[in-house]
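These notes are about the structure you will find just below.
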Amino acid sequence: MTEVHDSPEGWVSEHIQQYVQTDGAQGHIWHGVPTLLLTTRGRKSGEWRRTALIYGEHGSSFVVVASRGGADSAPAWYLNLQVNPEVRVQVGPRKFTAQARTASAEEKPELWAKMAEIWPAYDEYQTKTDRPIPVVVLDPAS
């Protein structure tokens with residue numbers, strides 16, 4: 001992979017650096033919840049962009065929420081994966097390629113409940129915006 005640009009948000013960038021430097025030994029658990037590193041290809045720039053996200057597991061897949069804290073616009077990483085769904089993921093020391101997809105209307109209630117159990121603030125975030133907050137499934141490549 002060529003150069004990767006980490007989140008411009010200071011605290012997120014620090015989290016990512018700690019995660020990368022320790023191969024996930026530090027940073028995988030953040031405020032008591034599991035986090036992964038998601039790297040997407042920029043939809044306009046084509047550059048690789050990395051962020052840290054809280055995750056859940058569903059079978060062999062990983063689940064993340066495109067909440068952006070309840071903002072009215074989706075996070076850039078979500079917009080990127082809609083154009084380029086092949087993503088790179090790091091969960092602890094494990095690194096792999098995955099196909100990202102938005103959970104279907106049928107899948108979303110179960111996955112949302114699972115994620116809100118991990119991070120209850122997701123329910124609050126949804127009340128802050130009229131935008132339906134997407135749940136994203138990361139299916140590891142075989």
**Request:** Tally the residues that are under 12 Å from the mean Cα position of the chain (by Cα) and on the phi > 0 side of the Ramachandran plot, restricting the search to the stretch 35-69.
**Result:** 1
**Complete:** A113 vs (1) farther than 20 Å from A52 by Cβ; (2) among the hydrophobic types (A, V, I, L, M, F, W, C); (3) in contact (Cβ under 8 Å) with a residue 40 or more places away in the chain: all pass except (3)
**Asked** Restricting to the stretch 59-103, what's the tally of residues that are assigned to a loop (DSSP other than H, G, I, E, B) and over 21 Å from A121 (Cβ atoms)?
**Response** 6
**Request:** Report whether or not E106 is in a loop (DSSP other than H, G, I, E, B), modelled with pLDDT of 95 or more and of a type outside the set (V, I, T).
**Result:** yes
**Prompt:** Which residues, taken from the stretch 1-40, are touching a helix residue (DSSP H, G or I) at 6+ places or on another chain (Cβ under 8 Å), free of Cβ contacts under 8 Å to residues at least 60 places away in the same chain and in a loop (DSSP other than H, G, I, E, B)?
**Reply:** S7, Q26, G27
**Asked** Only one of (1) of a type outside the set (D, E, K, R); (2) touching a Pro at 6+ places or on another chain (Cβ under 7 Å); (3) surrounded by 13 or more Cβ atoms within 10 Å (Cβ to Cβ); (4) within 20 Å of L111 (Cβ to Cβ) is not met by H28, so which one is it?
**Response** (4)
**Message:** From the list G10, G56, G70, exactly one residue is at pLDDT 95 or above and either surrounded by 12 or more Cβ atoms within 10 Å (Cβ to Cβ) or out of contact with any Phe, Trp or Tyr (no Cβ under 9 Å at 6 or more places or on another chain) (or both). Which is it?
**Reply:** G56
**Residues of the stretch 56-82 satisfying the condition of being of a type in the set (S, T, Y) and under 20 Å from G42 (Cα atoms)** = S67, S73, Y78
**Request:** Determine which single condition R43 fails, assuming it passes every other condition in (1) surrounded by 12 or more Cβ atoms within 10 Å (Cβ to Cβ); (2) not in a loop (DSSP other than H, G, I, E, B).
**Result:** (2)
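The values are calculated or read from the model by the stated rules, or taken from the named source; none is laboratory data. As the structure is a computational prediction, the values presented were derived from the model and not from experiment. Glycine also receives a Cβ, built like all others from the backbone with ideal geometry; neighbour counts cover every protein chain displayed.
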